[in-house]
């Protein structure tokens, strides 16, 4: 068995989608070098991280995503969503439908390229596929871990890789590894949602995390004291990942299910959080009020700045008032209530 390292040179906007796509294709490991995130960590006055002069500038402006796949004698084994979970109307179609199968390396690389090109229909992916190479186990299995340290995703909540010691036991600590399928908390949209949730979640809340991905926001809500948390995603693989992350964080009571908003019968959530993409938020906005309690809140992100007015209009037309807008770099999150 040999290991292949696939390199994708992309944008910060598309990096999460690229990581998710590689995870769905069966990557055994994913690493991300994001110069913007590194710069934010170094410049954070509360961070203990430091770097030599010129280091950040030397990283350039591209986000480098690397995926690692095992090559056996018969080829590279790829696996993703099963046929029964393919939703032709859902956002999941961005990644297309791949059955578990072994491919010769050239066919596997062509498949990766096509999946990246599919993402380009929705997001600016930058250069995109940037080649592959064979690497030894020790070249990637552990060395990439040195770049990842615990960090504060919000005022009280800390994300800590499994091999590290938390910054402080006084924090609300979420154990989640970078490169974890469907997001590990480093993206602005996740931290925007986390910061809002940190301020509003109470012990009386019944929460719906819609498009849960890795389950990180659902876990944050339970750790902050929410009475009940449901986590839904259209992709069964995401639900499996979320369920595992919940168990690893002692949050077994979180309900993780495959489905979308129209599949949910509960109509009295005090908080619904949706960290998806702007177009999907616009599409589901009209159905959100019927699932909220009278004093309920809707938290949404995944909204690039250029689409925030489009989302704001859709929310208004759905009967939702934007109470608060928070931004981070080119990303926006809204805290909404019923009109």
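The values are calculated or read from the model by the stated rules, or taken from the named source; none is laboratory data. Note that the structure is a prediction, hence the values are computed from the model and not measured. Glycine gets a Cβ as well: all are built from the backbone with ideal geometry, and neighbour counts include every protein chain shown.
Things to note:
- Residue check, residue 194 in contact (Cβ under 8 Å) with a residue 60 or more places away in the chain, under 15 Å from the mean Cα position of the chain (by Cα), within 21 Å of residue 328 (Cα to Cα) and not in a loop (DSSP other than H, G, I, E, B): no
- Qualifying position, being more than 14 Å from residue 333 (Cβ to Cβ), touching a helix residue (DSSP H, G or I) at 6+ places or on another chain (Cβ under 9 Å) and either touching a residue at least 12 places away in the same chain (Cβ under 8 Å) or surrounded by fewer than 24 Cβ atoms within 10 Å (Cβ to Cβ) (or both), among 217, 224: 224
- Hits in the range 200-225 - residues which are within 21 Å of residue 263 (Cβ to Cβ) and touching a strand residue (DSSP E or B) at 6+ places or on another chain (Cβ under 8 Å): 206, 207, 208, 209, 210, 211, 212, 213, 215, 217, 218, 221
- The strands (runs of 3 or more DSSP E) found entirely in the range 228-339 that carry 2 or more residues being within 19 Å of the chain's Cα centre (by Cα) and surrounded by 21 or more Cβ atoms within 10 Å (Cβ to Cβ) are 228-233, 269-275, 292-304, 331-338.
- Of the set (1) within 30 Å of residue 279 (Cβ to Cβ); (2) at pLDDT 85 or above; (3) part of a helix (DSSP H, G or I), all apply to residue 106 but (1).
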